[in-house]
1. Filter segment 1-29 down to the residues that are over 15 Å from Val137 (Cα atoms), among the β-branched types (Val, Ile, Thr) and surrounded by 19 or more Cβ atoms within 10 Å (Cβ to Cβ) and list them by number.
2. For Asn78, indicate whether it is among the polar types (S, T, N, Q) and within 15 Å of Val8 (Cα to Cα).
3. For Glu102, all conditions in the list (1) surrounded by fewer than 17 Cβ atoms within 10 Å (Cβ to Cβ); (2) of a type outside the set (A, V, I, L, M, F, W, C); (3) within 18 Å of Val120 (Cβ to Cβ) hold save one; what is the number of the exception?
4. Across segment 1-18, which residue is modelled with the lowest pLDDT among those that are part of a loop (DSSP other than H, G, I, E, B) and over 16 Å from the mean Cα position of the chain (by Cα)?
5. How about segment 30-56: which of its residues are over 19 Å from Leu131 (Cβ atoms), surrounded by 17 or more Cβ atoms within 10 Å (Cβ to Cβ) and among the small types (Gly, Ala, Ser)?
6. Taking interchain pairs and intrachain pairs at least six residues apart, which have beta carbon atoms under 7 angstrom, with the first residue in segment 135-154 and within 22 Å of Ile26 (Cβ to Cβ) and the second in a helix (DSSP H, G or I)?
Amino acid sequence: MSVARPVVLLLSGPNLNLLGERQPDIYGTATLEEHVAAARKEAERHGLDIEHVQSNVEGDLVAAVHGARGRCAAIVVNAAALTHYAWSLSDALETFEGPVVELHLSNPSGREAWRHTSVVAPVADGLVAGLGGHGYVLAITAVARLLEDRDASP
């Protein structure tokens with residue numbers, strides 16, 4: 001009998017389904033599927049599974065967080081533009097008991113002023129931003145380490 005591996009919920013917000021064709025000068029030429037594949041490969045290295053949900057609808061992402069409670073070990077969230085105003089997503093993430101890592105391909109702090117505020121940051125354990133597609137791998141590595149640290153705590 002095989003033992004189920006911990007699941008990391010990878011959330012992708014609005015317009016991330018257009019990666020590879022939308023503003024490649026900012027977001028690069030890799031598709032969302034390629035980023036998710038890199039995250040899966042890194043998760044495998046750490047003995048984790050990835051469950052990916054992409055939606056252009058805030059309520060779908062909130063529902064995914066609700067569904068992760070008590071079932072998933074951690075969440076990596078690239079909320080895209082919802083990062084800056086989706087209080088319902090922030091509230092949902094706050095109810096999640098495992099580590100939460102906020103992820104962005106670009107560096108929001110180096111862009112337009114409206115992108116400088118994150119409603120996800122106050123409920124996230126960490127942030128990976130501005131490293132392009134490498135951020136997906138780094139976010140999974142961060143989650144793995146946070147889970148290891150949590151397991152090692154008395």
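1. So in segment 1-29, the residues over 15 Å from Val137 (Cα atoms) come out as 1-7, 13-29.
Next cut, among the β-branched types (Val, Ile, Thr) only: 3, 7, 26, 29.
None; the set is empty.
2. yes
3. All conditions pass for Glu102, except number (1).
4. The selected residue is Met1.
5. Result: Ser55, single match.
6. Once the first residue is within 22 Å of Ile26 (Cβ to Cβ) and sits in segment 135-154, its partners that are in a helix (DSSP H, G or I) give Tyr136/His35; Tyr136/Ala38; Tyr136/Ala39; Val137/Ala38; Val137/Ala39; Val137/Glu42.
The values are calculated or read from the model by the stated rules, or taken from the named source; none is laboratory data. Nothing here was measured: the structure is a model prediction, and the numbers come from that model. Every residue, glycine among them, receives a Cβ derived from its backbone with ideal geometry; neighbour counts consider all protein chains shown.
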